[in-house]
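Worksheet: one structure, shown below.
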Amino acid sequence: MSDVLNKYLPEHAVSTVFDLIVANQVHLKIVNERKTRHGDYRKGPNGKHEITVNASLNKYKFLITLVHEISHLVAFEQFGRNIKPHGAEWKYTFQRLMVPFIRPEIFPGQVLPLLARHFKNPSASSDTDATLALALKQFDPQNDKNYVFEIPYGSIFRIHNGKIFKKIALRVKRYECLEINTGKTYLFNPNAEVELLPG
């Protein structure tokens, strides 16, 4: 298991993550990329704790995602099954489990203050923290995608499922975009990755 983890995690995080997996009897599955989520946790019908994480994540996102999912398991075991999935108990657990990893041996220096700020009140997805998501994205393999917030208003873009949109306006923290085929309006997170189409 440690050999597998070495491939996906920062080197100095491997033994601590391995201990977390063993202590919580996690059955970890590393899967091909799903567009809608980075990972998930469920208790299987056999009572096994199953966690899946996308293989395509860079090692820092992989670590945050894996600890996020283990936090669900630990919070449910400690506080009961009736808690909200991303409620106060989960936030407390996620903060506690992430603390040993927020160190310069594990995360690059420029990411550490952003992580520290994020974990004062962690959200359901680190992707909703645009500053942190941008800082982590620089460790992804190069691709030809843009973030929604980077492209000019009026731009036409395509998302992963082939649907085409036009960027219209900023509404509080998200961008209002018009789906070309249906005329329906959708809201996008600032750091949603899209393919800019020639206008």
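The values are calculated or read from the model by the stated rules, or taken from the named source; none is laboratory data. A quick note: this is a predicted structure, and the numbers were derived from the prediction, not measured. For neighbour counting, all protein chains shown are included, and Cβ atoms are generated from backbone atoms with ideal geometry for every residue, glycine included.
Residue check, Thr36 against (1) closer than 27 Å to Leu134 by Cβ; (2) surrounded by 14 or more Cβ atoms within 10 Å (Cβ to Cβ); (3) at pLDDT below 95, all met but one. Which one?
(2)
Return only the number of the condition from (1) surrounded by fewer than 16 Cβ atoms within 10 Å (Cβ to Cβ); (2) in contact with a Gly (Cβ under 9 Å, 6 or more places away or on another chain); (3) at negative phi that Thr182 does not satisfy.
(2)
Considering Pro104, Pro100, which residue is assigned to a loop (DSSP other than H, G, I, E, B) and touching a helix residue (DSSP H, G or I) at 6+ places or on another chain (Cβ under 8 Å)?
Of Pro104, Pro100, the one residue that is assigned to a loop (DSSP other than H, G, I, E, B) and touching a helix residue (DSSP H, G or I) at 6+ places or on another chain (Cβ under 8 Å) is Pro104.
Would you check if there is a residue in the range 137-153 being part of a loop (DSSP other than H, G, I, E, B), under 25 Å from Glu11 (Cα atoms) and hydrophobic (A, V, I, L, M, F, W, C)?
yes
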